[in-house]
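The values are calculated or read from the model by the stated rules, or taken from the named source; none is laboratory data. Owing to the predicted nature of the structure, the values given are computational and were not obtained by experimental measurement. Cβ sites come from the backbone with ideal geometry, for glycine too, and all protein chains shown count toward neighbours. Surface areas here come from the heavy atoms of the whole protein model, side chains and all, with no ligands, DNA or RNA. Shrake-Rupley method; radii C 1.70, N 1.55, O 1.52, S 1.80 Å.
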Amino acid sequence: MCTIKMPHLIKALVFLLCLLVTGECRKLRVRRWTGTVETQKHGASLAKKPPDVTKARKTKTEQLLKVDDHDFTMRPAFGGPAIPVGVDVQVESLDSISEVDMDFTMTLYLRHYWKDERLSFTSSTNKSMTFDGRLVKKIWVPDVFFVHSKRSFIHDTTTENIMLRVFPDGHVLYSLRVTVTAACNMDFSRFPLDSQTCSLELESYAYTDEDLMLYWKSGDESLSTDDKISLSQFLIQKFHTTSRLAFYSSTGWYNRLYINFTLRRYIFFFLLQTYFPATLMVMLSWVSFWIDRRAVPARVSLGITTVLTMSTIITGVNASMPRVSYIKAVDIYLWVSFVFVFLSVLEYAVVNYLSTVQDRRERKMRMRARSQSLPCTCGITGTRTMAMLDGTYSEADTNSLAGYTEEPMVPMEEEQEELHEVPEKPEHMVVRLSVSSESTIAKKKKSLRKLNIIQNTHAIDKYSRMIFPGSYIFFNLIYWSVYC
């Protein structure tokens, strides 16, 4: 019997040992996977890390701020006094000024400050919470817009440039980065020697001054600018803030805030592109006064070239300007310069006309001298006689005969035969002269003095060389003393 029971006992013991080994292995596996295996040495203690607040908070933002418990379509303290909303602005850049469109483009940081007790929350550290633009759509924010704006947008690279900061007591800071293009009423009566004052206006769209009081948070210090702001054509002289009420007949009174800035235009660009070329064209037109009046192609081409160049300059300046109905300072300078150039062309037309009249008169006198025979020599030498017969006599020869009058004479038959014979070396010119009275001689001398300037075309050019430059210099002195 003993020999029969022993194998059964051994099998039972082996089975129990297998169960114990299997149980211990499972416990070790569970400890490894759950990380509960103790690795600390005896006598050593590690400091405990502070709990991570962000990971420990299991409450959602909407639940913490109680967004779902309130109606944020209505302003804070609805039905009560007007809610004050402070504003401050930091100008990042003044991008462009357009004279043609009469507007400007500005990029700025616009910040709003108000208190909404519905957003208050409990906090042991009294620290604020900051959110992005996704929460803005679920709460009430001021409906501020830009008056007289043409285009505006909130930057969205890489996300919307909107920041919302909520404090435990319910104070809210709402900031956004925006670029706006707004109208600016410009006065170009002194262009390009002008200064322009533009303003960016902020106002609530829906809430009157009875519901929302819009104000500058820190007075004049509410507006800050970057020191690196600059424009290519303007010098930024001053930034300042103002505020006043705006009235609409159908809706009422609204608080309006103004960002004013003054710009002064740089003149050097226009000196190089407009004033200097116009002055040079006027001076170039004076060159014709030193050119011989008989050089018609040279003087005419020079005059036409200067006139066309001045027309091109005037057209180019007006192309970059709005079509205003008043006269600008640059228009006065350019059109006066154009008149000077045009008068130089007219001056040569007068000179050319008088030269033609004088040539015709001399030609008639030569024809009359050849057709008449005069029996008196009057002491005129042969050289001067031939010169007068050829028609190339000088003014002194004409003045020497001013006291005499011509009388036609019917030549005798013998004299006619002698006239057909041309002598080889004549020494005298035969002229019949009758001495007139002294009063007649004086009148003729006076008339010759009056016609001397008109007949002598050189004198017109000579006087023009002094009158034109002197008049233009006098005009420049008056122009720059008035507009500078």
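Excluding ALA82 itself, what net charge comes from residues whose Cβ is under 12 Å from its Cβ, given Lys and Arg +1 and Asp and Glu -1? With Lys, Arg at +1 and Asp, Glu at -1, the net is -2. When the C-alpha to C-alpha distance is required to be over 26 Å, the pairs from LYS115/LYS138; LYS115/LYS137; LYS115/LYS228; LYS137/LYS238 that qualify are LYS115/LYS228; LYS137/LYS238.
Let me know the whole percent of all Cα-Cα pairs from the stretch 214-271 that are separated by more than 17 Å.
Working: 918 of 1653 pairs.
Summing the P(r) tail past 17 Å for the stretch 214-271 gives 56 percent.
If amide H atoms are built 1.01 Å from N in the plane of the peptide, which residues on other chains or at least 5 residues away come under 5 Å of the amide H of SER96? It is THR105, by chain and number. Each 10 Å bin from zero holds the following percent of Cα-Cα pairs in the stretch 264-361: 14, 40, 25, 14, 6, 1, 0.
When THR197, THR262 are compared by accessible area at a 1.4 angstrom probe, the order from most to least is THR197, THR262. Heavy-atom accessible surface of MET283, to the nearest 10 Å², is about 90 Å², with a 1.4 Å probe and all protein chains retained. Annotation note: trypsin sites (Lys or Arg not before Pro) in the stretch 101-178 located in DSSP loop regions with a Cβ neighbour count of at most 14 within 10 Å are LYS127, ARG134.
Look at the dipole of the stretch 189-334 built from charges on Cβ: of MET213, MET283, PHE268, the Cα furthest out on the positive end belongs to MET283.
When all protein chains stay in place and ligands, DNA and RNA are ignored, the 1.4 Å accessible-area order of THR305, THR157, largest first, is THR157, THR305.
Given a 1.4 Å probe and the protein chains as shown, CYS484 ends up with an accessible area of around 110 Å². Within the full protein context, the accessible area of LEU272 is estimated at about 80 Å² for a probe radius of 1.4 Å.
Taking a ≥ b ≥ c as the square roots of the Cα gyration tensor eigenvalues, with a/c under 1.5 meaning rounded and otherwise prolate when a/b beats b/c, else oblate, which class fits the stretch 184-324?
On the way: a/c = 6.19, a/b = 3.07, b/c = 2.02.
Prolate is the answer for the stretch 184-324, as a/c is 1.5 or above and a/b outweighs b/c.
Do any trypsin sites (Lys or Arg not before Pro) in the stretch 225-279 lie in a DSSP loop with no more than 15 other beta carbon atoms within 10 Å, and if so, which?
Numbers: sites: LYS228, LYS238, ARG244, ARG256, ARG264, ARG265; in loops: LYS228.
Sites meeting the loop and neighbour criteria: LYS228.
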